[in-house]
Amino acid sequence: MHILPGTDTRIINLEGTIIIITAVKDDVSLYRVMIDGLFYGYVQRIDGVLHRLDGSKISNEFFSEICRVIQ
């Protein structure tokens, strides 16, 4: 995992799959998820717990890793 200084962006290399998680500027609880350069949806922190938003295509495996990194 890499954390870019000065930004709220995290990069995960999961066995060759690159996951980029970026906080949405106007909502500190909302994160944009890109996997291998493609937009896969959003996750949002609600009452301290991360949730995939409706329409997100994030697999359970990737979501578990995202939760581990963001928590």
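Restrict the check to the range 41-48 and report whether at least one residue is without any contact (Cβ under 8 Å) to a residue 24 or more places away in the chain and touching a Gly at 6+ places or on another chain (Cβ under 8 Å).
The answer is yes; a qualifying residue exists.
Among the residues of the range 25-37, which ones are modelled with pLDDT of 95 or more and farther than 14 Å from Ile12 by Cα?
none
The values are calculated or read from the model by the stated rules, or taken from the named source; none is laboratory data. Just so it is clear, the model here is predicted, and its values are computed rather than measured. Virtual Cβ from ideal backbone geometry, glycine too; neighbours counted across all protein chains shown.
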